[in-house]
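Participant: Right, I'll just put the structure down here and ask away after.
Where a number appears in this text, it was derived from the coordinates with a stated rule and is not lab data. Note that the coordinates shown come from a computational prediction; the quantities given were computed from them, not determined experimentally. A quick note on method: Cβ atoms are made from the backbone with ideal geometry, for glycine too, and the neighbour counts reach across all protein chains shown.
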Ligand SMILES: Cc1ncc(COP(=O)(O)O)c(C=O)c1O
């Protein structure tokens with residue numbers, strides 16, 4: 001019997017890419033597949049996204065993983081610091097770094113070799129990475145004189161696009177547009193939230209991540225409402241069950257006590273597999289399509305669930321931690337986190353299959 005198993009649904013990934021194109025029909029789509037495809041397996045995800053225009057990853061290492069797997073599409077590294085070696089390797093494999101810090105300018109000025117294509121990141125108001133938007137024209141002039149460096153385009157990142165009420169997004173779009181209006185090159189602003197909720201952010205190229213995996217970045221609307229399908233089904237077997245008397249505690253710390261005589265199930269997944277230890281009692285799992293609450297503390301190899309509403313559950317049957325009948329967004333909300341983190345933190349102990 002396999003332990004925790006993540007089944008990656010290629011057709012759901014392809015479907016979600018079609019949804020991106022429904023929302024942004026005229027834009028190029030670069031799929032964000034950093035952090036190993038948000039924990040789904042970057043190479044698997046890339047292979048499932050037929051027709052995607054390019055990929056966005058974090059580092060040169062992540063980009064090379066895709067190149068070694070035979071991907072020929074453009075690849076952008078979003079947060080790879082630049083030095084001479086990185087520039088040479090990136091150029092050799094047509095990997096396009098993002099220039100996001102002043103320290104990169106000296107590196108680029110010294111770069112000699114095959115043409116290195118770069119994106120330039122502007123800080124339009126999130127204040128994490130990038131150059132002040134007002135400096136865009138000066139930067140453009142500075143980079144234009146470098147014979148071995150080609151400017152592909154301009155990008156910025158939205159800090160609050162998941163909140164449709166937040167005023168920062170329109171300000172960021174306006175700042176970015178004002179800064180780039182007279183400059184050559186492609187422009188890119190939108191992450192998934194931008195794709196779904198801010199048409200004015202679509203520009204030339206969108207960079208969706210989480211929506212491709214079937215989760216919603218928006219607090220107010222579910223993935224299903226956007227027509228997205230979960231790409232990951234995480235399951236684990238029921239490994240034991242017992243009858244517990246009223247008043248008896250369950251698990252470490254005795255944080256949960258049976259309110260009545262009841263059946264309790266033990267599921268073979270825990271924080272050693274990446275299931276969040278801080279998920280409180282009440283966090284849902286799904287058994288036979290029914291929501292069942294987790295009870296007591298999550299331990300390293302297992303967690304306990306309340307079987308009162310599914311007394312027929314059998315040892316060995318697979319329990320869904322998240323997937324088609326239980327959105328990861330719902331589990332994340334109960335556990336005080338986001339689906340991004342649930343996906344990324346799965347450990348190598350989880351078996352993966354592609355369906
Ligand atoms: C610069 C950049 N663009 C795009 C994305 C994709 O974001 P999302 O997964 O919210 O669509 C990210 C993710 O953090 C990012 O950092």
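Participant: Treat each spin label as a single point 7 Å out from the Cα along the C-beta direction, and report the residue 134 to residue 300 distance in nm.
Facilitator: For residue 134 paired with residue 300, the spin-label model returns 5.5 nm.
Participant: Further, regarding this structure: Rounded to the nearest 0.05, what FRET efficiency do residue 255 and residue 126 have when you use their Cβ-Cβ distance and R0 = 41 Å?
Facilitator: 0.60
Participant: Would you give the gap between the C-alpha center of the range 135-182 and the C-alpha center of the range 102-131, rounded to a whole Å?
Facilitator: Here the two parts' Cα centres lie 12 Å apart.
Participant: For the range 10-219, just say rounded, prolate or oblate: build the C-alpha gyration tensor, square-root its eigenvalues into a ≥ b ≥ c, call rounded for a/c under 1.5, and beyond that prolate if a/b exceeds b/c, oblate if not.
Facilitator: Judged from the Cα gyration tensor, the range 10-219 comes out oblate (a/c at least 1.5, b/c at or above a/b).
Participant: Same structure, new question: What shape does the range 232-354 take by its C-alpha gyration tensor, where a ≥ b ≥ c are the square roots of the eigenvalues and a/c under 1.5 counts as rounded, a/b above b/c as prolate, and the rest as oblate?
Facilitator: Prolate is the answer for the range 232-354, as a/c is 1.5 or above and a/b outweighs b/c.
Participant: Starting from the 7 Å offset along Cα-to-Cβ, what nm value, one decimal, do you get for the label separation of residue 337 and residue 277?
Facilitator: A separation of 1.2 nm, rounded to one decimal place.
Participant: Okay, next question. Along Cα→Cβ, 7 Å out, is where each label goes; now give me the distance between the ones at residue 93 and residue 109 in nm to one decimal.
Facilitator: Taking the two extended label points, one gets 2.9 nm.
Participant: While we're on this one: In whole angstrom, how far apart do the alpha carbon centroids of the range 288-355 and the range 1-67 sit?
Facilitator: 23 Å
Participant: Only bridges whose two residues both fall in the chain count here: according to DSSP, what percent of them are antiparallel, nearest 5?
Facilitator: The antiparallel proportion sits near 50 percent.
Participant: Could you give the length gained on full extension between residue 171 and residue 141, defined as 0.36 nm per residue of separation minus the Cα-Cα distance, in nm?
Facilitator: Gain on stretching residue 171 to residue 141: 8.3 nm.
Participant: Only Cα pairs under 8 Å and at least 6 apart count here; give the relative contact order of the chain as a rounded whole percent.
Facilitator: 18 percent
Participant: What residues of the range 273-307 lie in the reach of a label at residue 240, counting those whose backbone N is under 20 Å from a point 7 Å from the Cα along Cα→Cβ?
Facilitator: Hits in the range 273-307 for residue 240 at 20 Å: 273-275, 277, 281, 293-307.
Participant: Which of 55, 23, 176 ends up with the largest GNM mean-square fluctuation for the chain, with Cα atoms connected below 10 Å?
Facilitator: 23
Participant: With 10 angstrom as the radius, rank 154, 119 by how many other C-beta atoms surround their C-beta, starting from the fewest.
Facilitator: In increasing order of surrounding Cβ atoms, one gets 119, 154.
Participant: Work out, step by step, the length gained on full extension between residue 291 and residue 26: first 0.36 nm times the residue separation, then minus their alpha carbon distance; give nm to one decimal.
Facilitator: 91.4 nm
Participant: Using a ≥ b ≥ c from the Cα gyration tensor of the range 76-119 (square roots of the eigenvalues), is it rounded, prolate or oblate, where a/c under 1.5 gives rounded and otherwise the larger of a/b and b/c decides, a/b for prolate?
Facilitator: Oblate, since a/c reaches 1.5 and b/c is not below a/b.
Participant: Which value results for Rg/Rh of the chain when Rg is the Cα radius of gyration and Rh the Kirkwood radius based on the inverse mean 1/r?
Facilitator: 1.05
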